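The values are calculated or read from the model by the stated rules, or taken from the named source; none is laboratory data. The structure presented is a predicted model; accordingly, all values stated were derived computationally and were not measured. Quick reminder, even Gly has a Cβ in these numbers, built from the backbone with ideal geometry, and neighbours come from all protein chains shown.
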Amino acid sequence: MSVSTAAADQSVCSPLPVLGRDVTVPLVTGGEVTYAALDYAASAPALQRVWDDVAAYAPYYGSVHRGAGYLSQLSTDLFENARRTVAEFLDCRSDDQVVFTRSTTDSLNLLAAALPADCQVFVFETEHHASLLPWRDAHVTYLNAPRTPQQAVRTLERALAEREPHGPALVCVTGASNVTGELWPVRELAAAAHTHGARIVLDAAQLAPHHPVSVRELDVDWVAFSGHKLYAPFGSGILAGRADWLREAEPYLAGGGASRKVARRADGGVDVEWHDSAARHEAGSPNVIGAYAIASACKALTEAGFDTLVAREQHLIEKVKDGLAEVPEVRILSLFGDDAPRVGVLSFVVDGWNSSHFAAALSAEYGIGVRDGLFCAHPLVRTLLGSDPQSQGECGAPEAAPGEKSLNAIRVSFGAGTPDEHVERFVGAVRELVRDGAKWNYRTVDGRCVPAV
């Protein structure tokens with residue numbers, strides 16, 4: 001099914017069932033309303049299918065890789081089958097490794113610890129902090145924010161061509177921005193990296209829940225993502241890709257499971273033979289439920305069909321963009337332009353409004369959950385806003401007067417479990433707040449804007 005075909009027949013495309021879809025929350029103005037979860041970019045609700053699969057497995061919970069009993073063998077098979085499911089979901093190469101981690105941040109820190117000596121790292125300042133900060137022990141070149149996908153490729157090519165000496169190098173890039181939702185030219189950046197003898201890791205935290213990710217087609221060396229953004233519960237993540245750097249590095253954690261053989265030496269020391277498989281970086285008892293949950297989410301999204309999911313999400317994106325365009329005080333943030341392809345993530349500012357105040361009013365008066373602030377991507381948001389804030393400022397007071405630079409932004413994000421009513425309520429709430437103002441008084445508590453009781 002093509003995107004255009006699917007978009008033309010929205011009546012047959014319903015949201016995927018997620019936990020919390022019927023949860024009601026109180027409003028400060030009285031009564032209750034079904035909660036509109038529009039903060040998917042932070043953590044998406046778990047799919048009902050994933051939760052049911054985990055619940056069905058829970059009575060059979062057992063140790064992994066360590067027991068002879070039936071439940072231990074069952075859990076071990078389930079854990080390793082989950083690894084194969086993730087490899088299929090990512091279209092990995094036959095010799096790639098899939099390592100289970102705690103999150104995207106954990107995955108990229110693992111890779112950072114596995115870099116060869118004297119490795120140079122190239123990362124755009126537009127990255128999420130999970131991609132921007134792990135490379136503390138490497139020589140890092142931070143690249144300026146590009147204003148077009150083509151400029152991103154040219155900037156990387158120029159930086160790689162000028163590097164000295166020509167030793168190992170790694171490029172780290174997002175697939176979709178957690179601030180603007182814009183899609184990055186991953187395939188072209190990978191080609192540029194490989195042309196100049198560098199490798200590339202893809203931060204797919206915001207891409208994998210919305211679009212298919214093929215390691216082969218994108219020609220990336222590694223990919224990282226988190227379960228809690230892929231409609232699975234918290235506490236699980238993936239690093240998948242080439243085995244050599246991982247196999248040659250010291251284990252990420254030293255302990256049982258990572259070691260193949262341990263023996264005392266005559267001098268009182270210990271000799272250790274480490275695994276060269278993914279187990280090398282999975283010491284300790286693994287999060288088998290987290291691994292199984294990720295695998296279940298991979299299967300659910302694959303079976304639902306990304307063509308259909310992408311088409312429906314584009315339908316929601318257009319609803320939000322069209323609705324916000326009718327409010328002159330609202331400005332949507334973008335690096336690549338208003339028409340750039342994006343996933344269901346949009347950040348914006350409202351003239352004359354404190355972003356924390358606006359987000360608090362959306363929650364307290366309309367039952368809508370969004371995010372405000374700098375979204376763990378401080379350099380990017382400050383570039384987009386043209387500001388360098390030192391503090392948020394007091395709730396209720398204008399963050400910036402009309403026409404002045406804003407200090408923070410508001411982010412709305414959605415995905416496979418979002419019904420039309422949630423985005424329609426959001427657009428209507430933005431319109432009403434800008435036109436009529438908040439109905440309630442708010443105050444600052446511990447840096448957050450909250451309703452005054």
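Summary of values
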{"quantity": "Subset of the stretch 46-64 that is aliphatic (A, V, I, L, M) and in a helix (DSSP H, G or I) - its residue that is modelled with the lowest pLDDT", "calculated": "Ala58"}
{"quantity": "Residue within the stretch 61-80 that is within 23 Å of the chain's Cα centre (by Cα) and among the charged types (D, E, K, R) present", "calculated": "no"}
{"quantity": "Test result for Thr195, among the β-branched types (Val, Ile, Thr) and surrounded by fewer than 16 Cβ atoms within 10 Å (Cβ to Cβ)", "calculated": "yes"}
{"quantity": "Given (1) more than 30 Å from Asp91 (Cα to Cα); (2) surrounded by 13 or more Cβ atoms within 10 Å (Cβ to Cβ), number of the condition Tyr292 does not satisfy", "calculated": "(1)"}
{"quantity": "Residues of the stretch 261-291 that turn out to be small (Gly, Ala, Ser) and either outside the structural domain of Ala243 (by TED's automatic domain parsing) or not in a helix (DSSP H, G or I) (or both), as a count", "calculated": "8"}
{"quantity": "Residue satisfying condition, being crowded, with 23+ Cβ neighbours inside 10 Å and either at negative phi or in contact (Cβ under 8 Å) with a residue 12 or more places away in the chain (or both), within set Ala138, Ala112, Ala130", "calculated": "Ala130"}
{"quantity": "Out of Leu239, Leu246, Leu301, sole residue that is crowded, with 16+ Cβ neighbours inside 10 Å and farther than 26 Å from Ala117 by Cα", "calculated": "Leu301"}
{"quantity": "Pairs, first surrounded by fewer than 16 Cβ atoms within 10 Å (Cβ to Cβ) in the stretch 19-42, second basic (Lys, Arg) and outside any strand (DSSP E or B), C-beta under 6 Å, six or more apart", "calculated": "Thr29/Lys439"}
{"quantity": "Selection status of Arg312, assigned to a helix (DSSP H, G or I), outside the structural domain of Val427 (by TED's automatic domain parsing) and of a type in the set (Lys, Arg)", "calculated": "no"}
{"quantity": "Some residue of the stretch 221-238 being of a type in the set (Ser, Thr, Tyr) and assigned to a strand (DSSP E or B)", "calculated": "yes"}
{"quantity": "Of the criteria (1) under 19 Å from the mean Cα position of the chain (by Cα); (2) farther than 17 Å from Gly227 by Cα; (3) not polar (S, T, N, Q), which one Ala130 fails", "calculated": "(2)"}
{"quantity": "Test: residue in the stretch 377-400 that is assigned to a loop (DSSP other than H, G, I, E, B), modelled with pLDDT of 95 or more and either under 29 Å from Pro146 (Cβ atoms) or among the basic types (Lys, Arg) (or both)", "calculated": "yes"}
{"quantity": "Unmet requirement for Ala205, which otherwise passes all of (1) touching a residue at least 60 places away in the same chain (Cβ under 8 Å); (2) in a helix (DSSP H, G or I); (3) crowded, with 18+ Cβ neighbours inside 10 Å", "calculated": "(2)"}
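Rundown of residues vs (1) in contact with a helix residue (DSSP H, G or I) (Cβ under 7 Å, 6 or more places away or on another chain); (2) closer than 18 Å to Arg247 by Cβ, yes/no style:
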{"position": "Asp53", "(1), (2)": "yes, no"}
{"position": "His65", "(1), (2)": "yes, no"}
{"position": "Ala68", "(1), (2)": "no, no"}
{"position": "Arg84", "(1), (2)": "no, no"}
{"position": "Cys92", "(1), (2)": "yes, yes"}
{"position": "Asp106", "(1), (2)": "no, no"}
